[in-house]
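The structure appears below as structure tokens.
Quick note: the coordinates plus some simple rules give every number you see, no bench work behind them. From a predicted model like this one, the values you see are computed outputs, not experimental measurements. In this analysis, Cβ positions are derived from the backbone assuming ideal geometry, glycine residues included, and neighbour counts consider all displayed protein chains.
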Amino acid sequence: MTLPMPPAVLEVVNAAVRFGEVRALDGVSLSIHPGECIGLVGHNGAGKSTIVSVINGGLSPQQGEVFSDGTRLAPYGIGVARSRGVRCVFQELSLCPNLSIIENTRIMHRNLGGFGWRKRAAAIILASIDAIFPDHGIDVGGPVGTLSIAQRQMVEIAMAFSDAGQPPRLVILDEPTSSLDAGLAAQLLAHVRRFVANGGAVILISHMLTEILETASRIVVMKDGKIVAERGAGGFDHASLVEAMGSATTHQTAARRAPAANQPVLELTLPKGQPFRACQGEVVGLAGLGGHGQTRLLLALFDRHSPKWWPIRNPAVTFVAGDRRENGIFDLWSILKNMTAASLGDLSRRGFVQDKAEIDRGDEWKARIDIRTPDMNNPILSLSGGNQQKVLFARALSTRAPVVLMDDPMRGVDVGTKHEVYGMIRAEAEAGRTFVWYSTEMEEMQLCDRVYVFREGAIVAELTGDAISEHNILRASFEGEAA
């Protein structure tokens with residue numbers, strides 16, 4: 001005898017949302033029940049962020065209804081969603097960097113006011129971080145601004161799962177592992193399974209399809225504002241999931257080359273460990289556990305080779321930021337202005353930007369990297385997170401710089417676009433461009449010609465050829481030596 005399914009924690013029925021001429025949602029219905037993890041997948045611009053905004057109360061659909069526990073909720077907004085136990089961890093982190101973790105916890109849980117609230121808030125957030133990320137080493141009394149992006153992501157995730165009197169029932173995780181290394185990602189996904197096993201519900205959005213296949217109980221595929229496939233996770237494998245999303249499976253692997261024998265174009269001696277070097281036409285990976293010095297190396301290389309803040313015609317290096325909201329995009333500018341910001345030397349004459357040249361450059365890269373927008377003059381924040389990242393990548397590649405520094409640049413980019421970009425990187429490298437690439441994804445390290453593994457701020461291993469493997473990277477990360 002099959003037991004009846006409990007009422008949905010939240011159900012969206014026939015939701016439709018338009019932004020001008022763009023149909024972001026086209027009659028989408030989705031129910032989330034206790035004890036299930038829904039894997040929500042689709043290419044950038046498929047409608048995932050829009051349906052999440054409807055579910056968490058941040059966006060009112062022009063058509064459709066929202067129900068919880070069988071009751072229609074009208075009006076429905078953020079306050080009602082929170083009272084129903086809906087929590088959300090956005091891809092763009094929202095912590096206040098000038099406040100402490102405890103103070104951010106107070107903002108999240110408004111009922112923590114009164115005498116002794118700091119002590120209560122500290123206990124609540126510390127218990128949540130301990131439960132998800134044992135041995136995290138985070139001081140909850142310290143300011144958020146001093147944390148690495150991985151630590152900020154950990155804190156925000158812990159806040160969503162924390163209980164200050166109103167327990168979470170539905171937690172939405174939007175690319176939650178994009179800034180986490182493999183060990184931290186495994187800890188989070190294990191906690192998701194425990195939470196679901198105890199009756200909680202989770203919506204997991206990730207472009208890392210292996211995480212979806214291994215964690216979700218049901219997978220929902222979106223494309224062009226619609227749900228195009230929905231079934232139990234066991235009904236998909238990697239190939240069929242990619243096919244449902246609307247692109248062919250491409251297991252593209254770069255043809256690795258032996259380390260270049262020509263003179264290095266970049267060199268840097270670190271205070272400890274092995275020195276760094278990169279030769280012309282190489283793709284050099286920076287691996288190891290997050291926060292162990294990879295981003296510091298990239299910034300040091302940029303500072304050494306790009307001392308001027310204004311754009312020049314022939315820059316020595318260009319940079320693709322991983323934390324786009326903090327270090328990448330200009331929030332108030334258009335998509336076009338964000339993309340061309342590093343190429344103004346090429347697009348100007350006598351100190352004035354030539355409009356036609358700028359528009360042509362934007363149209364070229366919009367087509368090359370498939371930036372999903374009807375108009376490049378739209379605000380940059382009108383794009384999904386993955387499409388914003390595409391703009392930053394186009395900004396860097398459209399310059400003349402012979403060296404591209406990349407700080408985990410594929411965060412939030414869909415699998416189809418990733419493989420297109422991988423091909424672009426290899427083609428540019430074959431033409432003589434050098435890439436220095438920090439990534440938290442093991443697959444991307446295996447596309448490199450040379451990989452430096454970091455541990456405690458030092459390079460502890462240099463891997464080339466067949467030695468570039470997950471086993472050797474993890475061994476060096478923890479033991480300081482490669483097999």
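Key figures for this structure:
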{"quantity": "P(r) of the range 322-435 over all Cα-Cα pairs, binned every 5 Å from zero, in whole percent", "calculated": "2, 12, 23, 24, 22, 12, 4, 1, 0"}
{"quantity": "Dipole moment magnitude, nearest 20 debye, the range 312-450 about Cα centre, only Lys, Arg, Asp, Glu C-beta charged", "calculated": "480 debye"}
{"quantity": "Around Tyr76: net Lys/Arg minus Asp/Glu count, Cβ-Cβ under 11 Å", "calculated": "+1"}
{"quantity": "Net charge dipole size for the range 103-143 [Lys, Arg +1 and Asp, Glu -1 on Cβ; Debye, nearest 20]", "calculated": "320 debye"}
{"quantity": "Net charge contributed by nearby residues that have their C-beta within less than 14 Å of Ile335 (K/R +1, D/E -1)", "calculated": "+1"}
{"quantity": "Helical segments meeting 15 Å axial Cα length and Kyte-Doolittle -1.0 threshold in the chain (DSSP H)", "calculated": "117-132, 149-161, 182-197, 294-305, 385-397, 415-430"}
{"quantity": "Assigned charges on the beta-carbon of Lys, Arg, Asp, Glu; the chain dipole about Cα centre (debye)", "calculated": "1060 debye"}
{"quantity": "Ranked by how many other beta carbons lie within 10 Å on average, peptides 344-350, 202-208 from highest", "calculated": "202-208, 344-350"}
{"quantity": "Protection proxy ranking, peptides 56-63, 8-15, average beta carbon neighbours within 10 Å, highest first", "calculated": "8-15, 56-63"}
{"quantity": "Normalised convex hull volume, the range 264-479, alpha-carbon set, Å³ per residue", "calculated": "117 Å³"}
{"quantity": "Those chymotrypsin sites (Phe, Trp or Tyr not before Pro) in the range 299-373 that DSSP places in a loop and that have at most 12 other beta carbons within 10 Å", "calculated": "Trp309, Phe330"}
{"quantity": "Two-decimal ratio, the chain, of alpha-carbon radius of gyration to 2.2 N^0.38 Å", "calculated": "1.00"}
{"quantity": "Packing rank of 269-277, 288-296, 144-152, where each peptide gets the mean count of other beta carbons within 10 Å, highest leading", "calculated": "288-296, 144-152, 269-277"}
{"quantity": "Dipole of the chain, positive end: most advanced residue of Ile212, Ser469, Leu173 [Cβ charges, Cα centre]", "calculated": "Leu173"}
{"quantity": "Share, in percent, of DSSP beta bridges within the chain that are antiparallel, nearest 5", "calculated": "50 percent"}
